[in-house]
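As structure tokens, the structure follows; a few thoughts come after it.
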Amino acid sequence: MSDAPTTEQLTAWITRFAELVHEHRDELTALDSAIGDADHGSNMDRGMTAVVAALTEAPPDDPAALLKKTGATLVSKVGGASGPLYGTLFLRMAGAVGEGFAPALRAGFDGVLARGKAEPGDKTMVDALGPACDVLDAGGSVAEAAQAAADGRDATVPLVARKGRASYLGERSAGHADPGATSTAYLLQAAAETLS
Amino acid sequence: MSVGVVVVSHSRALADAAVELARQMLPGRELAIEVAAGMDDGSLGTDAVAVSEAITAADSGEGVVVLMDLGSAVLSAETALELLDDEVRERVLLSAAPLVEGLVGAVVVAAGGAGRDQVAAEAARGLAPKEAQLR
């Protein structure tokens, strides 16, 4: 999509992401118990439930306000590293959403890189978000970006984690998909279902 | 007036106990030590909004040194800086010191009236006594 997304479209996206996180809560936590501190599913579900409640209680008037409220809620309510990381993603998107979804997601991705200081291949959400941004920047569809995020998630399976709690586990972190890359793949799946 | 100290931890119990241990070094002396630790529902986690509020509460204009445990505590503290007014943010220093040792060192010199950078430097050398002993 080349046009800037509307408040309604973004609300549908974020609401659908919250549903997917809730449905896959146990899967995300199981992945995190294999390689981290076993809280990614419950943390993200708590955060996204708070986001949907905040958006329902006082619906924001415009896309930037919606993304800001989403980010501010996540940095407060998630609890784990995904709070500041997803929170920064949405807060940075707010500043660029007038230019369209692709530039906004790129700005959000740059924020995630600056906050987490992870690089591609570190077995993090960067490995799903980066390929999705690349597809959108090249003019691809949101559905193609979602596929790139899913492929990126799958590619984290053999990797050894170099960031976060998983990095304490060293080689033991290989053999499982990264939980953050997995939730990011759901973020892009939700976008493909609601923004196309 | 003295430099304020903020403790950021995943666990309220861990933060409170670290502060209790550090306050043992300050009999009869006042020092603003604020805690941002754990989630509203009692579970483990860090909240960037709570960290920014703790920094504001600890700030008397002389600066604030923030000590953290690990992982999201560090990311939440960095995110908290973005939520502060520019004027307050300039007075805040995030310390890479180990939480317990750094806190004990920091509060002693802060209560003695040291400036922010000196407090942070004392926190940063918090492991030195332990390393000297175990050498």
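Observations, loosely collected:
- Test: B:V74 is of a type in the set (V, I, T), in a helix (DSSP H, G or I) and under 30 Å from A:V112 (Cβ atoms): yes
- Residues of region A:79-101 satisfying the condition of being β-branched (V, I, T) and more than 7 Å from chain B (Cβ to nearest Cβ): A:V97
- Here B:I55 clears all of (1) in a helix (DSSP H, G or I); (2) touching a residue at least 40 places away in the same chain (Cβ under 8 Å); (3) more than 15 Å from the chain's Cα centre (by Cα) except the condition numbered (3).
- Counted residues, region A:67-88 - those being touching a residue at least 40 places away in the same chain (Cβ under 8 Å), touching a Ser or Thr at 6+ places or on another chain (Cβ under 9 Å) and over 11 Å from B:S76 (Cα atoms): 1
- Complete set of residues in region A:132-180 that are in contact (Cβ under 8 Å) with a residue 12 or more places away in the chain, part of a loop (DSSP other than H, G, I, E, B) and of a type in the set (G, A, S): A:S141, A:A161, A:G164, A:A174, A:G175, A:A177
- Test for A:D122: is it surrounded by 24 or more Cβ atoms within 10 Å (Cβ to Cβ), closer than 27 Å to B:S76 by Cα and among the charged types (D, E, K, R): no
- Options A:D26, A:D45: the member that is of a type in the set (D, E), more than 22 Å from A:G95 (Cβ to Cβ) and surrounded by fewer than 17 Cβ atoms within 10 Å (Cβ to Cβ): A:D26
- Residues of region B:18-55 that are within 14 Å of chain A (Cβ to nearest Cβ), buried (at least 19 other Cβ atoms within 10 Å of the Cβ) and of a type in the set (D, E): B:D47 alone.
- Filtering region B:56-98 to residues that are within 14 Å of chain A (Cβ to nearest Cβ), among the β-branched types (V, I, T) and surrounded by fewer than 24 Cβ atoms within 10 Å (Cβ to Cβ) leaves only B:V74.
- Residue selected from region A:61-102 under the condition assigned to a loop (DSSP other than H, G, I, E, B) and not charged (D, E, K, R), by the criterion most open to solvent (accessible area, probe 1.4 Å): A:A81
The values are calculated or read from the model by the stated rules, or taken from the named source; none is laboratory data. In this text the structure is predicted, and so the values were computed from the model without any measurement. Quick reminder, even Gly has a Cβ in these numbers, built from the backbone with ideal geometry, and neighbours come from all protein chains shown. In case anyone asks, the SASA skips ligands and DNA or RNA and just uses the protein heavy atoms, side chains included. Shrake-Rupley method; radii C 1.70, N 1.55, O 1.52, S 1.80 Å.
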